[in-house]
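Input: a single structure, listed below in structure tokens.
The values are calculated or read from the model by the stated rules, or taken from the named source; none is laboratory data. Keep in mind that what you see is a predicted model, and the values were worked out from it rather than measured. Neighbour counts run over all protein chains shown; Cβ positions are idealised from the backbone, glycine included. We work out accessible area using only protein heavy atoms, side chains counted, and drop any ligands, DNA or RNA first. Shrake-Rupley method; radii C 1.70, N 1.55, O 1.52, S 1.80 Å.
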Amino acid sequence: MHSYVLLLQTACRRPIVFAALRLALVVGTVLNLINQGGRMLDGQPLSWFHVALNYLVPCCVSSYSAARNELQR
């Protein structure tokens with residue numbers, strides 16, 4: 001259990017959070033264009049749940065990866 005707490009504390013460090021947010025902004029935007037571009041072009045409403053997931057998943061993956069890398073040093 002202790003290792004998960006340490007991983008979470010590391011993932012919440014300012015440099016990791018900002019890097020993950022920057023990456024999620026870019027990757028999430030690309031994913032939204034890929035996944036919902038047709039809906040946007042057709043004038044259909046977006047699935048806001050999927051919009052949120054398209055930003056949340058890259059942010060979580062980036063944070064986890066950076067924290068694991070930091071702890072392995």
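Before moving on, here are some points about what is shown:
- Conditions (1) β-branched (Val, Ile, Thr); (2) touching a Leu at 6+ places or on another chain (Cβ under 9 Å); (3) open to solvent by 50 Å² or more (accessible area, probe 1.4 Å); number of the one not met by Thr10: (3)
- Filter result (modelled with pLDDT of 95 or more, over 11 Å from the mean Cα position of the chain (by Cα) and among the small types (Gly, Ala, Ser)) within the range 1-46: Ala11
- Qualifying residue in the range 35-48 (condition: open to solvent by less than 90 Å² (accessible area, probe 1.4 Å), of a type in the set (Ser, Thr, Tyr) and closer than 16 Å to Ser63 by Cβ): no
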